[in-house]
Amino acid sequence: MSTSKYLALAVSAGLCLATLGSNASVQVVVRIGVEPACPYGYYDYAPYSCSPYGYYGAEWFSGGVFRGAGPWFHGDSHFRGHVNNQYDAQRGYRGPLPNRGEKPAAGNRTDHVSNFKGNEVRDGRGHVSNERP
C-alpha cells in the first residue's frame, strides 16, 4: 500500500472516532436511601453500619439525637466533632456493634459518654480535621 492510502485510512479512522466520542453522554444517579437508625450514630462511610457507644463525642448529638454523618449530616459546614477511632471497624475494632433500629442501653447517655477519649477530630462528612483532639 502506498503512503497516501495509509494516510487516507488514518484520517478516515480518526474522523470516525471523533464523531463517536461527541455523541456520548453519561448520567450518574446516586441513591443513598434512608438515614440509618442507630442508637449511637453510624460510621461516616458506606455501608454506614452502626457505630458503638463511645465512638462519637457529645457534640455529635443534639437533645439525644445524632446529627448525622456522611451524606446525612445535619449540621453547620464548619462543624468539627471528636471521635474515638479505636472503635472504628476500618481500624481494627472487632467489638460489639449495635443493630439498626436498636434502642440505646439504659444509662448510655449520648450527650455525655463517661470516660470518652476522643483521639481524632472530624467534620460531618468524615474528613479528618487538622485540629487537635
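Values in this text are rule-based calculations from the coordinates and carry no lab data. Worth saying up front: this structure is predicted, and the values here are computed from it rather than measured. Every residue, glycine among them, receives a Cβ derived from its backbone with ideal geometry; neighbour counts consider all protein chains shown.
Things to note:
- About the Cα centre, charge dipole magnitude for region 33-133 (Lys/Arg +1, Asp/Glu -1 at Cβ), debye: 220 debye
- Interatomic Cα distance distribution for region 33-133, bins of 10 angstrom, percent: 16, 55, 28, 1
- In sequence order, calculated HN-Hα J values of region 67-77 (Karplus, 6.51, -1.76, 1.60; Hz; x Gly/Pro): 5, x, 8, x, x, 9, 5, 10, x, 4, 5
- Phi angles of region 80-88 translate, via the Karplus equation with coefficients 6.51, -1.76, 1.60 and θ = phi - 60°, into HN-Hα couplings of 9, x, 7, 10, 10, 6, 5, 9, 8 Hz per residue; Gly and Pro are given as x.
- Whole-Hz ³J(HN,Hα) from phi, Karplus 6.51 cos²θ - 1.76 cosθ + 1.60, for region 96-109, glycine and proline x: x, 10, x, 8, 4, x, 5, 8, x, 5, 4, x, 8, 7
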